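*Asks:* Have a look at the structure that comes next, please.
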Amino acid sequence: MLDLRECLGGDPDTVALVCSYLFDERVHLNDVYEREGDRATQSWTQPYVPGRRFGAGEAQGLGRVADSVPCK
């Protein structure tokens, strides 16, 4: 279990990488709009991750709840 309630954010690439382990296929996460330059950047889960994904079918079958560690 990932307890991210106390997290205030992070690098968008790291967020996308962590989210990539939780989805079975590519998912659009968000758009970031920059006024300077009038441009938007999309953030997507990664098509490849090292190691095993824990997608929809995997997350429910883990069978135990891990200790939560606050993100600070």
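Here, each number is a calculation from the coordinates, and none is a lab measurement. What you are looking at is a predicted structure, and each value in this text was computed from that prediction instead of being measured.
*Asks:* Relative to the present Cα-Cα distance, how much length would full extension add between Gln46 and Leu4 at 0.36 nm per residue of separation?
*Replies:* Numbers: separation 42, 0.36 × 42 = 15.12 nm, distance 1.99 nm.
Working it through step by step, the gained length comes to 13.1 nm.
*Asks:* Taking 0.36 nm per residue of separation and subtracting the Cα-Cα distance, what length does fully extending Phe23 through Arg39 add? Provide the component values of the computation, followed by the final result.
*Replies:* Details: separation 16, 0.36 × 16 = 5.76 nm, distance 2.72 nm.
Extra length from Phe23 to Arg39 when fully extended: 3.0 nm.
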